[in-house]
Amino acid sequence: MQLQDNVAIVTGASSGIGKAIALRFVKEGGKVAIADINMEGAKAAVAEIEAMGGEAMAVEMDVTDEDAVMSGTDAVAERFGRIDTMVSNAGIQIVHPVEDFPYGEFRKMVDIHLGGAFLLTKACVKHMYPAKSGSLIYMGSVHSHRASALKSAYVAAKHGILGLSRVMAKEGAKHGVRSNVICPGFVKTPLVEKQIPEQAKDLGISEDEVVSRIMLGETVDTEFTTIEDVADVAVFLAGFKTNALTGQSVTVSHGWHMA
């Protein structure tokens with residue numbers, strides 16, 4: 001049990017990568033808060049965790065709403081007594097060429113990914129700093145380091161998350177709080193599957209070409225990264241004990257990006 005009694009809050013955890021991380025944390029002995037705007041999905045995830053003998057709670061959280069983030073995080077600390085790990089995972093995807101990208105949609109993307117990460121950090125360190133311990137984990141992307149056509153908002157936000165995490169590594173060190181970013185390649189979640197026809201249309205190529213050339217063309221084995229791959233790294237970062245590993249980005253991409 002690498003995370004025995006570790007209390008984690010995971011945003012966007014009703015499905016996909018977030019849910020996989022929450023389930024793995026529980027299997028490693030942790031307690032998790034499923035924070036999501038989708039309460040039906042969050043409650044279903046909690047029921048699944050409780051059925052396997054774990055402890056979890058559902059928290060309704062719009063990560064762009066400061067009051068919701070602060071009160072939701074406080075509720076987790078009140079229920080479990082502390083917060084040891086933050087996983088900022090909530091996100092959406094919208095793709096357009098820049099000339100066709102509505103500014104409102106650009107702002108929405110940045111507010112959810114980067115603004116949400118900032119607000120969750122602000123809420124969590126309030127509980128971590130007095131305890132002199134904590135792990136801040138941000139869900140970045142290969143796009144925290146690389147660029148792709150049609151993804152100006154996503155790439156900008158993911159680059160910003162990398163910067164935020166590095167600042168928190170410096171600010172959090174004296175409080176015993178570490179900060180790192182997981183940078184997955186393409187993971188076959190509903191978020192990615194939705195992009196396939198959208199990119200095919202915008203780029204004027206087939207859906208098969210989007211997968212083989214755009215998504216997986218630079219990997220070493222033309223394989224999608226799995227949610228389990230990402231969850232394994234999250235467990236490792238949550239359980240690491242010292243500041244020897246802070247301010248880093250861990251890329252999980254089948255060799256698409258090598259840093």
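Quick note: the coordinates plus some simple rules give every number you see, no bench work behind them. Bear in mind that the values here come from a model prediction, so they are computed numbers and not experimental data. For neighbour counting, all protein chains shown are included, and Cβ atoms are generated from backbone atoms with ideal geometry for every residue, glycine included.
Using alpha-carbon pairs under 8 Å, 6+ residues apart, how would you state the relative contact order of the chain in percent? Dividing the mean separation by the residue count of the chain yields 19 percent. Here the Karplus curve 6.51 cos²θ - 1.76 cosθ + 1.60, taken at θ = phi - 60°, turns the phi angles of the stretch 155-160 into couplings of 5, 4, 5, 5, 5, x Hz, with x standing for Gly and Pro.
Contact order normalised by length for the stretch 131-259, with contacts defined as Cα pairs under 8 Å and 6 or more residues apart; what percent is it? Provide the component values of the computation, followed by the final result.
Values: 205 pairs, mean separation 43.5, N = 129.
Relative contact order of the stretch 131-259: 34 percent.
For the pair M52 and Y129, a Förster radius of 30 Å applied to the C-beta separation gives a FRET efficiency near 0.40, rounded to the nearest 0.05.
Nearest 10 degrees, 0 to 90: what angle lies between the long axis of helix 190-203 and the longest principal axis of the chain (Cα atoms)? Orientation of helix 190-203: about 20 degrees from the principal axis.
Applying 0.36 nm per residue to the separation of F240 and D65 and subtracting their alpha-carbon distance, the gain on full extension is 59.9 nm. Axis of helix 16-27 versus longest Cα principal axis of the chain: the two differ by about 30°, to the nearest ten degrees. Selection among T222, F118, A147 by position relative to the dipole of the stretch 92-224 gives F118 as farthest towards the positive end (Cβ unit charges, Cα centre).
Applying a DSSP loop filter and a limit of 10 other Cβ atoms within 10 Å to the trypsin sites (Lys or Arg not before Pro) in the stretch 77-158 leaves K132.
Given the -39500 (n - 2.57) contribution per DSSP H run of 4+ residues, what per-residue ellipticity at 222 nm results for the chain, rounded to the nearest 500 deg cm²/dmol? Show your work: numbers first, answer last.
Working: 8 runs with 112 residues, N = 259.
Taking each H run of at least 4 residues, the total per residue is -14000 deg cm²/dmol.
Select from G116, G53, G41 the residue whose mean-square fluctuation is largest in a Gaussian network model of the chain (Cα-Cα springs shorter than 10 Å). In the Gaussian network model the winner is G53. For the chain, the longest principal axis of the Cα atoms and the long axis of helix 227-239 meet at an angle of about 40 degrees. With just the Cα atoms defining each centre, how far is the stretch 84-116 from the stretch 120-140? Give it in Å. Each part's Cα centre sits 21 Å from the other's.
Rounded to the nearest 20 debye, the dipole magnitude of the chain is 1060 debye, with +1 charges on Lys and Arg beta carbons, -1 on Asp and Glu beta carbons, and the Cα centre as origin. Computed extension gain for Q2 through E40, at 0.36 nm per residue and net of the alpha carbon distance, reaches 10.7 nm. Mean separation of Cα pairs under 8 Å and 6 or more residues apart, divided by the residue count, gives the stretch 19-99 a relative contact order of 23 percent.
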